[in-house]
Structure formats: structure tokens, C-alpha cells
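Nothing in this text is a laboratory measurement; each read-out follows from the coordinates by a stated rule. What you are looking at is a predicted structure, and each value in this text was computed from that prediction instead of being measured. No Cβ is skipped: glycine too gets one built from the backbone with ideal geometry, and neighbour counts run over all protein chains shown.
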Amino acid sequence: MEINTSLSPSQAHFALWLEEHLPELLTLFDFQEKVYREDVVERYLSTASHGQTIMAQFALGVWLHRNEFEFNFFDAASILDDRYKAIIASWFSDPFWP
């Protein structure tokens, strides 16, 4: 991915983190404008599996610095596979905020 050079270092870190761990969610964000794409997120959440929804809620929460999309750790623990749990655990042990 070509990184927008006007992103802050923490925003660029998030974009690279997303590309490495959750590339399927890249389309939810517009890194040129430094925003999430509300219309794309709405469509995605209406069609995604429960696990995909949980990961989108998590990534959006990290981006926004708040739990606007109602990410739930209990749902994550009971629904997600080990790969996704590891992504969340890794972030939780060393959080960053774009």
C-alpha cells in the first residue's frame, strides 16, 4: 500500500497494521482523507459474518479512539478464531492510537 505522507505517524502505523493483519478491512478507510467511509462501513456491517463484524468493530474503535461500533470482548472471545484473537491480544498488550 502506498501511504499518504500527510498521515500522522500513528495514523500511518494504523494503516500499515491494518494492511498486515486485516487487509480485508482496508476498504472501510479512506487514508487520503483520514476518515473511515461511513457508507462502506454500513454496507459491510450489514453483510459481514459475525466474526468479520467483530473485527471491523475493533478496527474502527482503534481508529476512532472510542467504542462507537460496540465492540464486545465477550463476543470476540466466544466467536473469533485464534488468529483474530491473537490480533486483538497483541494490540491490547501494546495499544496504539492513530
Exercise for the section: Take every Cα pair under 8 Å in the chain that's 6+ residues apart, average their separations, divide by the length, and report that relative contact order as a whole percent. Expected result: 29 percent
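Just order 8-14, 59-65 by mean Cβ neighbour count inside 10 Å, highest at the front, would you? Mind dumping the intermediate values first?
Working: 8-14: 14.1, 59-65: 17.6.
Output ranking for 8-14, 59-65: 59-65, 8-14.
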Practice task
Quickly estimate the mean residue ellipticity at 222 nm for the chain, helices only: each DSSP H run with n ≥ 4 gives -39500 (n - 2.57), and the total goes over all residues, rounded to 500.
Solution key: -18000 deg cm²/dmol
Fill in the blank from the handout: In order over the range 30-42: 3J(HN,Hα) from phi, Karplus 6.51/-1.76/1.60, θ = phi - 60°, whole Hz, x for each Gly or Pro, gives 10, 6, 5, 8, 6, 9, 8, 8, 4, 5, 5, 4, 4
Completion exercise
The set of residues whose placed amide H lies less than 5 Å from the amide H of N72, leaving out same-chain residues fewer than 5 positions away, is none
Completion exercise
Phi-derived 3J(HN,Hα) across the range 68-81 with the Karplus relation (6.51, -1.76, 1.60, θ = phi - 60°), rounded Hz, x for Gly and Pro, is 4, 9, 6, 4, 10, 4, 5, 4, 4, 5, 8, 9, 6, 7
Handout entry: Reported label for calculated percent of Cα pairs over 20 Å apart given (i) 45; (ii) 32; (iii) 61
Key = (ii)
